[in-house]
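One structure is given below, encoded as C-alpha cells.
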Amino acid sequence: MNAQQRFALPPVAGEQPTIVHLSAEYFPYARTGGLAEAAWGLHRDQHRNGLKTMAIVPLYRTVRQHVRRLEPAGDPFTLQFGARAETFRLWRELEPASETPTCFLEHDGFFDRDGLYGEHGADYPDNYRRFAAFAAASVAALPRVTNGAVLLHAHDWHAALAAVYLRTWWKGNPWFDRIPVVLSVHNGGYQGHFGANVIPDIGLPWDVFTPDKLEWYGKTNYLKGGLTHTDMATTVSPTHSEELRTPAGGFGLQEVFEWLGNRFTGVLNGIDQSVWNPATDPQIAAQFSAADLDGKRACKLDLQHRLGLPENPFLPVVASIGRMATQKGLDIVVHNHALFHLAAQYVFMGSGDQRLEDAVHALHTAMPSRVGVVTKFSDSLEHVMIAGADLYLMPSQYEPCGLTQMRAQRYGTVPVARRVGGLADTIDDGLTGFLFDAFDERALVGGMWRAMTEHRSAKAWREMQREAMSRDFGWDRVAERYNDIYTRAIALAARRTR
C-alpha cells in the first residue's frame, strides 16, 4: 500500500475532499507560539502523503516578508456584518515557502498591522471583528480553493466561528451543508471572550447567543461556538483531553467538552524529525547520535561560551526555552532558592511577562557565572541550547502538548517536567526524563534532585539519553490519527445531511 492509498479519506458527496486548514498562525509566515508549527506540520505531512490540502491564513504584514509569488484566487468579494460591509481578497501562493499549498486572506484594515493580536502588550480592541471576519470570509472562500468537496479543519478560537457561520449563513446550501468540520483546541486557556453586544456586529443572529451555543456567563465565547457547531473536536494530547473535561482543567468549558463525548479526543502534535536531528543538524557545534554521543560535549562547551558561562564539562547545564508566562511555570523557578543551590548552570531564552523577565535578569545579575539569559528568541540558538544542555526544564502549570520536550529528547537532553498534558504523554518517568506532580517549588526541586542524582552516573545517564533519542515524535503517526478523526467527521456530516 502506497502513502496515497494509506491516507485516503472516505468520499464526501462522491469525491475525495480537500482538507482546508484555517489558522491564525502558520509557519513560517506568522507565529507567536506552537500553533503555527502544529498547523503547518500536520498540513505538510498530509500534503506529502498525497492528500488534497490547502491552508488559509490572514495576509498579515509579517506574511509579506516570506511570500514569494502570489496570484489572485478570484475577484474581491464583500460580506455583510450587521451594518458594515467588508471586502476581502484571496491570494494563492505560487511557490510556497511553507512547502504546503497556502492561500492568504487580504483585508488591510484588519490584518496589515505590526502585530498578529496586538502591540505593546495590549490586544487590539477589534480582535472580535478581525477573527470573526477571518472565519466568515474563509468559509466564503472555500469554493475558490477547490473544485470539489471540502473538509474544514479550524484551529483554535480565532478560526472557531467558521463552524458557526457555516451552519448559519450558509445553512440550506447543499454544497456547504455537506462540509464536515473538525476543530482543534491547541490551548483551551484562550477562548475569545467578548461582550454580548458583539453578536449583531459580527453578523450573527441573536438565536446563537444561548447557553447551548455561544453564550458563556453573559459573554460571547468564540471557542464555545466552534465546539457546539463542529462535527469532531480534538486537542493536542490524550491527557489534556481528559484534563479539559474537569473543573480544574477545563477553563470553564468542561461541560461542553463532556457534552461532546466521544466526538472529542486528544492527538499529540509531532515535530519535524529531519530538522530536529543531532546527527545532521548544521546549526550545532558538533553532530552526534545515540550511537556516538561524543559530539554533545562540544555542543555543551559551545553553549557555555556563547552565554558567557564558565566552560565546565562536568557541571550540568539546565535549559528553559519559551514564553515567560505563568502557564510555563516560571513562577516556581525564579524565586526558588533551593533550585539555585543545586550545583548546575541555568540558561533561559524567551520573553513575555515583564515581571518574569525582570526576575530572570535579576538571577543573572546575582549569579552571572551560573545563569545565562537571552530574551530575543532565535531559531538557531534554540538548536544550540537544546543540543548543549544536559537537562531541559518544563515545570508548566498546564501544557496542552508541548514541542520542546520532544526536541530535547531527540538531542539526548533529559527533560524535567510537571506531569500534565502532553508532558505526561511524551516523557516516560525514570526512563526518558523525570516528572513531578505538584505545582510548587519543593516538587520541582525534587524532580531536579532525581535528575542530577542520575546524572552523576555516566553509564546510567547515557542509557537514559539513548532511550530518549530513540523515541518517534514524527508527524506520520499524527496524520494517521487525524485520518481516523476525519473519517468520523465525514460520517457524522453525512448522517446530519440525510
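The values are calculated or read from the model by the stated rules, or taken from the named source; none is laboratory data. Note that the coordinates shown come from a computational prediction; the quantities given were computed from them, not determined experimentally. Glycine gets a Cβ as well: all are built from the backbone with ideal geometry, and neighbour counts include every protein chain shown.
Filtering the stretch 159-180 to residues that are in contact with an Asp or Glu (Cβ under 8 Å, 6 or more places away or on another chain) and either buried (at least 24 other Cβ atoms within 10 Å of the Cβ) or part of a helix (DSSP H, G or I) (or both) leaves only Pro180. Among the numbered conditions (1) touching a helix residue (DSSP H, G or I) at 6+ places or on another chain (Cβ under 7 Å); (2) of a type outside the set (Ser, Thr, Tyr); (3) farther than 22 Å from Asp45 by Cβ, the only one that Glu99 does not meet is (3).
Hey, could you check the stretch 294-305 for residues that are over 24 Å from Glu37 (Cβ atoms) and not charged (D, E, K, R) and say which is surrounded by the fewest Cβ atoms within 10 Å (Cβ to Cβ)? Top of the filtered list is His305. In the stretch 453-465, is there at least one residue being farther than 26 Å from Ala285 by Cβ, touching a helix residue (DSSP H, G or I) at 6+ places or on another chain (Cβ under 7 Å), crowded, with 21+ Cβ neighbours inside 10 Å and outside the structural domain of Thr235 (by TED's automatic domain parsing)? For the stretch 453-465, residues farther than 26 Å from Ala285 by Cβ, touching a helix residue (DSSP H, G or I) at 6+ places or on another chain (Cβ under 7 Å), crowded, with 21+ Cβ neighbours inside 10 Å and outside the structural domain of Thr235 (by TED's automatic domain parsing): absent. Answer yes or no as to whether Gly41 is touching a helix residue (DSSP H, G or I) at 6+ places or on another chain (Cβ under 9 Å), of a type outside the set (A, V, I, L, M) and more than 29 Å from Gly270 (Cα to Cα). When the stated conditions are applied, Gly41 does not pass them. Taking the criterion of being in contact with an Asp or Glu (Cβ under 9 Å, 6 or more places away or on another chain) and either among the aliphatic types (A, V, I, L, M) or more than 12 Å from Arg129 (Cβ to Cβ) (or both), the residues of the stretch 73-89 that qualify are Pro76, Thr78, Leu79, Gln80, Ala83, Phe88, Arg89.
One line per residue, one yes/no per condition, for (1) touching a residue at least 24 places away in the same chain (Cβ under 8 Å); (2) hydrophobic (A, V, I, L, M, F, W, C); (3) closer than 19 Å to Ala233 by Cα; (4) touching a Pro at 6+ places or on another chain (Cβ under 9 Å):
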{"position": "Ala135", "(1), (2), (3), (4)": "yes, yes, yes, no"}
{"position": "Ala141", "(1), (2), (3), (4)": "yes, yes, no, no"}
{"position": "Arg144", "(1), (2), (3), (4)": "yes, no, no, no"}
{"position": "Asn147", "(1), (2), (3), (4)": "no, no, no, no"}
{"position": "Trp157", "(1), (2), (3), (4)": "yes, yes, yes, no"}
{"position": "Leu161", "(1), (2), (3), (4)": "yes, yes, yes, no"}
{"position": "Tyr165", "(1), (2), (3), (4)": "yes, no, yes, no"}
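With respect to Phe434, determine if the residue is in contact with a strand residue (DSSP E or B) (Cβ under 8 Å, 6 or more places away or on another chain), free of Cβ contacts under 8 Å to residues at least 24 places away in the same chain, hydrophobic (A, V, I, L, M, F, W, C) and more than 17 Å from Lys296 (Cβ to Cβ). Yes. Within the stretch 7-22, restricting attention to residues that are surrounded by fewer than 24 Cβ atoms within 10 Å (Cβ to Cβ) and over 18 Å from Asp484 (Cα atoms), which residue is modelled with the highest pLDDT? My answer is Gly14.
The rows are residues; the columns are (1) of a type in the set (S, T, N, Q); (2) closer than 28 Å to Tyr117 by Cβ; (3) buried (at least 18 other Cβ atoms within 10 Å of the Cβ); (4) in contact with a Ser or Thr (Cβ under 6 Å, 6 or more places away or on another chain).
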| site | (1), (2), (3), (4) |
| --- | --- |
| Ala24 | no, yes, yes, no |
| Ala30 | no, yes, yes, yes |
| Ala38 | no, yes, yes, no |
| Lys52 | no, no, yes, yes |
| Leu59 | no, yes, yes, no |
| Arg64 | no, yes, no, no |
| Ser98 | yes, yes, yes, no |
